[in-house]
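**Student:** This is the structure I want to talk about, given as structure tokens.
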Amino acid sequence: MTYTMLYDGNCRICCQQAQMVSEWDEHHRIELLDANSPAARERFPQISHAEAMEQLHVIGPDGTIYRGAAAARELLLQLPALRGVGELLRLPGALTLAQPLYDLVARNRYLFGRSATCDDGTCRTR
């Protein structure tokens, strides 16, 4: 069972999160794929580059696409040491509360990452 995490490889916060996922993924269930890569567009044409840049996407082994806070929850559920946090996000109303916070961070991720632009200057702050 392999999940694929599409992340913005030009975003410092996103890269740090991908690194954290890699370190905590003791069962190697999560493939990390830069959403800016040609491979991401080729493998997941149903997810536009613009959509991938707006929020985290996780594709499950069955092809289910999780976005935003739901994607974060799905990742947490796959990481044994962090599964409890993922379970909390399964509580009724938890995603309703988590999504606006997720959206705020996602929209401002380059600022939160201590830079108004990405590493290579190709992206912009929303």
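The values are calculated or read from the model by the stated rules, or taken from the named source; none is laboratory data. What you are looking at is a predicted structure, and each value in this text was computed from that prediction instead of being measured. Cβ sites come from the backbone with ideal geometry, for glycine too, and all protein chains shown count toward neighbours.
**Student:** Mind listing just one residue for me: the one in the range 42-55 that is part of a loop (DSSP other than H, G, I, E, B), at pLDDT 95 or above and not hydroxyl-bearing (Ser, Thr, Tyr) and, of those, surrounded by the most Cβ atoms within 10 Å (Cβ to Cβ)?
**Tutor:** Phe44
Quick grid of which residues meet (1) out of contact with any Phe, Trp or Tyr (no Cβ under 8 Å at 6 or more places or on another chain); (2) within 19 Å of Ile47 (Cβ to Cβ); (3) at pLDDT 65 or above:
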{"residue": "Pro92", "(1), (2), (3)": "yes, no, yes"}
{"residue": "Ala106", "(1), (2), (3)": "yes, yes, yes"}
{"residue": "Ala116", "(1), (2), (3)": "no, no, no"}
{"residue": "Arg126", "(1), (2), (3)": "yes, yes, no"}
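**Student:** Additional query: Whether any residue in the range 13-29 is free of Cβ contacts under 8 Å to residues at least 12 places away in the same chain, among the small types (Gly, Ala, Ser), farther than 20 Å from Leu104 by Cβ and in contact with a strand residue (DSSP E or B) (Cβ under 7 Å, 6 or more places away or on another chain) is what I want to check.
**Tutor:** Yes, there is a match, as at least one residue in the range 13-29 is free of Cβ contacts under 8 Å to residues at least 12 places away in the same chain, among the small types (Gly, Ala, Ser), farther than 20 Å from Leu104 by Cβ and in contact with a strand residue (DSSP E or B) (Cβ under 7 Å, 6 or more places away or on another chain).
**Student:** Within the bounds of the range 10-18, is there any residue that is surrounded by 12 or more Cβ atoms within 10 Å (Cβ to Cβ) and modelled with pLDDT of 95 or more?
**Tutor:** For the range 10-18, residues surrounded by 12 or more Cβ atoms within 10 Å (Cβ to Cβ) and modelled with pLDDT of 95 or more: present.
**Student:** Find the residue count for the range 56-75, including only residues that are of a type outside the set (Val, Ile, Thr), part of a loop (DSSP other than H, G, I, E, B), surrounded by fewer than 22 Cβ atoms within 10 Å (Cβ to Cβ) and free of Cβ contacts under 8 Å to residues at least 60 places away in the same chain.
**Tutor:** 3
**Student:** Restricting to the range 26-38, count the residues that are over 19 Å from Asp62 (Cβ atoms) and either at pLDDT below 95 or assigned to a loop (DSSP other than H, G, I, E, B) (or both).
**Tutor:** Counting residues in the range 26-38 that are over 19 Å from Asp62 (Cβ atoms) and either at pLDDT below 95 or assigned to a loop (DSSP other than H, G, I, E, B) (or both) gives 4.
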